[in-house]
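The values are calculated or read from the model by the stated rules, or taken from the named source; none is laboratory data. For clarity, every value in this text was computed on a predicted model and none was experimentally measured. Note: ideal-geometry Cβ built from the backbone for every residue, glycine included; neighbour counts use all protein chains shown.
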Amino acid sequence: MSSQKFKEIAKLLLDAEIEKKEVLRITADKIPELTVDEAYLIQKELINLKIQQGLSVVGPKMGLTSRAKMKQMNVEEPIYGYIFDNMVVQEGSSLSLSELIHPKVEAEIAFVLDKDLAGPAISGVQVLAATKYVLPALEIIDSRYENFQFTLPDVIADNTSSARVVFGNQLRRPEELELDLVGTTLSINGEIRALGAGGAVLGHPAHSVAMLANMLHREGSKLKAGQIILTGGITEAILLENGDEVVAKFDQLGQVSIKIT
Ligand code: OOG
Ligand code: MG
């Protein structure tokens, strides 16, 4: 597959995001045999286009790290993508549905490292030793594909559906908590729509960060101190509707909220 073809697909996905128009997934027509490695090359082209437009990376994210998410999306493998500065929405503020295609929300635990972490054999314990803070987050995902349906390579190319993120204001040291036991509820308009615990994410959210460091190593890159890293939805994602008041509560980590208008 030529790099020109990858660039064209990256541009198509970026245009879909900017114009808020869904597109047919790549494996349905353009490249049915797209591999995971090729999909990450398309993602890299997409990331480069965003950087050329003046955007900057807030941090990498993991996706499809919980059973609930894998089952919901019918994809069985964790993936990674990137969050950009223009995706960050202030905690407690509002987000207009008109900015997005068919957004869904998920509750996640985020990490901030105080040391760089490079694979290939990083473990959860090493992640915890390199972690400065953990904090709660809401991720708003918005696949650029028709009906939010895709295969593993499709979603990787589409920067893992990244669209918006809301970070909570409370920072905690990781040793103050047992992150796998941190209970989480995701409520909309006062009704709990999904719930789980940190351990739903690969047994412990630190394992997700370790896996990310090890996956990045394969392409010669690493996790950097100061980046905010999302570890993946604890529960299935919930489709957003106009007027929704979304609140994710995390035991000992506080809460994060957003209003959908
Ligand atoms: C892919 C992104 C998944 C997560 O936290 O699992 C993700 C998707 O479900 O569209 O961000
Ligand atoms: Mg997510």
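Things to note:
- Condition broken by Lys71, with the remaining ones in (1) within 14 Å of ligand 1 (Cβ to nearest atom); (2) surrounded by 14 or more Cβ atoms within 10 Å (Cβ to Cβ); (3) not acidic (Asp, Glu) satisfied: (2)
- Inside the range 11-46, residues that are modelled with pLDDT under 95 and among the acidic types (Asp, Glu) make up a count of 1.
- Flag if Ser221 is among the small types (Gly, Ala, Ser), within 18 Å of Gly59 (Cβ to Cβ) and crowded, with 21+ Cβ neighbours inside 10 Å: no
- The lone exception for Thr184 - which of (1) under 12 Å from Gly233 (Cα atoms); (2) not in a strand (DSSP E or B) it fails: (2)
- Cross-chain or 6+ apart pairs with Cβ under 9 Å, the range 23-39 first and hydroxyl-bearing (Ser, Thr, Tyr), then in a helix (DSSP H, G or I): Thr27/Pro153; Thr27/Asp154; Thr35/Pro153
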